[in-house]
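Undergrad: Structure provided below as structure tokens; questions to follow.
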Amino acid sequence: NVPEDQADKLLLASWGLPKAVLEKYQSLGVVQMFEWQAECLMLGHVLEGKNLVYSAPTSAGKTLVAELLILKRVLETRKKALLVLPFVSVAKEKKCYLQ
């Protein structure tokens, strides 16, 4: 669980994302994460590019964790990222969403 003194980590605004990115998520109704999502981002050195393997049921929010990791790394390192998605419909949705 996320420690009480780090409860603000559930808010997307706590992760250093640009205002435009936060506004896009907010327009889609996403302003905070579930505890398990924040835990994933706080594990080890995952934000510095170390590997993360996690599992959750369908529609639990796995993609949000991946998106936040990708966005932070791309914005901080100015390098490209590759996001592999399992279905064409999801890929099309994410293409529009991330533009």
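Undergrad: Out of the total accessible area of the range 4-98 (probe 1.4 Å, heavy atoms of protein only), what percent is carbon and sulfur? Spell out each step's value before the answer.
TA: Details: 3870 of 6720 Å².
Roughly 58 percent, rounded to a whole number.
Undergrad: May I pose another question? Relative to the present Cα-Cα distance, how much length would full extension add between residue 59 and residue 98 at 0.36 nm per residue of separation?
TA: Length gained, residue 59 through residue 98: 12.2 nm.
Undergrad: Residue 27 versus residue 42, label points 7 Å from Cα toward the beta carbon: distance in nm?
TA: 3.1
Undergrad: Right, another one. So what does residue 59 come to for accessible area, using a 1.4 Å probe and Å² rounded to 10?
TA: 120
Undergrad: Give me, ordered by chain and number, the residues 5 or more places off residue 32 or on other chains with an amide H under 5 Å from its own placed amide H.
TA: It is 12, by chain and number.
Undergrad: Could you give log10 I(q)/I(0) at q = 0.10, 0.20, 0.21 Å⁻¹ for the chain, computed by the Debye formula over C-alpha point scatterers of equal weight, without solvent?
TA: The Debye formula, applied to the Cα set alone, gives -0.27, -1.19, -1.33.
Undergrad: Let me know the charge dipole size of the chain about its Cα centre in debye, to the nearest 20, where only the beta-carbon of Lys, Arg (+1) and Asp, Glu (-1) is charged.
TA: Result for the chain is approximately 680 debye, rounded to the nearest 20.
Undergrad: Moving to a separate point now. With label points built 7 Å along Cα→Cβ from the Cα atoms of residue 14 and residue 85, find their separation and express it in nm.
TA: Here the modelled spin labels are 2.8 nm apart.
Undergrad: Could I have the simple spin-label model distance between residue 52 and residue 78, label points 7 Å from Cα toward Cβ, reported in nm to one decimal?
TA: Inter-label distance under the simple model: 2.5 nm.
Undergrad: Sticking with this structure for a sec: Mind checking the per residue accessible area of the chain for me, 1.4 Å probe, whole number of Å²?
TA: In whole numbers, the chain has 72 Å² accessible per residue.
The values are calculated or read from the model by the stated rules, or taken from the named source; none is laboratory data. Here the structure is a predicted model, which means the values were calculated and not measured. Here Cβ is always computed from backbone atoms with ideal geometry, including for glycine, and neighbour counts include all displayed protein chains. Surface areas here come from the heavy atoms of the whole protein model, side chains and all, with no ligands, DNA or RNA. Shrake-Rupley method; radii C 1.70, N 1.55, O 1.52, S 1.80 Å.
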